[in-house]
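Engineer: Got a structure here, written out as structure tokens. Questions coming.
The values are calculated or read from the model by the stated rules, or taken from the named source; none is laboratory data. All values derive from a computational prediction rather than experimental measurement. Ideal geometry is used to build each Cβ from the backbone, glycine not excepted, and the neighbour counts take in all protein chains shown.
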Amino acid sequence: MNADPTTAIDSAAHRDCAVSLFNYTWTLLNKIDRTSEESNEMVRSAYASRWHWGVVGEPINFARGEWQISRCCAEAGQAEAALHHAQLYFDACTRDDYGPFDLAFAHEGMARALRIADRKDEASSHIEKARLIGAGIKKDEDRAWLEDNLTGM
């Protein structure tokens, strides 16, 4: 009989894994000369982080985990998966009103996924909305990070 992994691992370990995997995924996302295998590992790591958040996190953690999965899938050229997870994040942000930071990034995520799916007109619309909503982000560094993510799309 297999143990239930959601209860066989204590909450602190789930949280540590969620955070560590989320951060590790970013090291792979930021890697310029990422190999094909590293891209696959990046996607797996994002899914694993999201799974652990699903056990111990809050809805905002679930939502942001979906954004990270979408980003990784877009970077790996997996358009269908990127769109699916971007939509999950977008839906959460519009349903739960996480504020301008998350809503702007929901549009950024949709734009990125749509671009990889070769739906550039729709992507452009989301980029415009991300910039418009992003103007309401309070922290200068968060607004700058949004703009960095939108530049070149």
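Engineer: Look at the range 95-153 and say how many of its residues are surrounded by 15 or more Cβ atoms within 10 Å (Cβ to Cβ) and under 16 Å from E66 (Cα atoms).
Structural biologist: Matching residues across the range 95-153 total 15.
Engineer: Could you identify the single residue in W53, W67 that is surrounded by 14 or more Cβ atoms within 10 Å (Cβ to Cβ), over 13 Å from G109 (Cα atoms) and not small (G, A, S)?
Structural biologist: Sole residue among the options that is surrounded by 14 or more Cβ atoms within 10 Å (Cβ to Cβ), over 13 Å from G109 (Cα atoms) and not small (G, A, S): W53.
Engineer: Separate question: Do we find that T25 is modelled with pLDDT under 95 and either among the acidic types (D, E) or part of a helix (DSSP H, G or I) (or both) in this structure?
Structural biologist: no
Engineer: Separate question: Sort through A106, A123, A81 and tell me the only one that's over 10 Å from the mean Cα position of the chain (by Cα), over 17 Å from S49 (Cα atoms) and small (G, A, S).
Structural biologist: Just one listed residue meets the conditions, A123.
Engineer: Inspect the range 131-145 for any residue being modelled with pLDDT of 95 or more and under 23 Å from R44 (Cβ atoms) and give the result as yes or no.
Structural biologist: No, the range 131-145 has no match at all.
Engineer: Out of A76, A144, A92, which single residue is under 14 Å from the mean Cα position of the chain (by Cα) and within 22 Å of L29 (Cα to Cα)?
Structural biologist: A76
Engineer: I'd like the residue in the range 43-62 that is outside any loop (DSSP other than H, G, I, E, B) and of a type in the set (G, A, S) and, out of all such residues, is nearest to H126 (Cα to Cα).
Structural biologist: Checked the range 43-62; the qualifying residue nearest to H126 (Cα to Cα) is A46.
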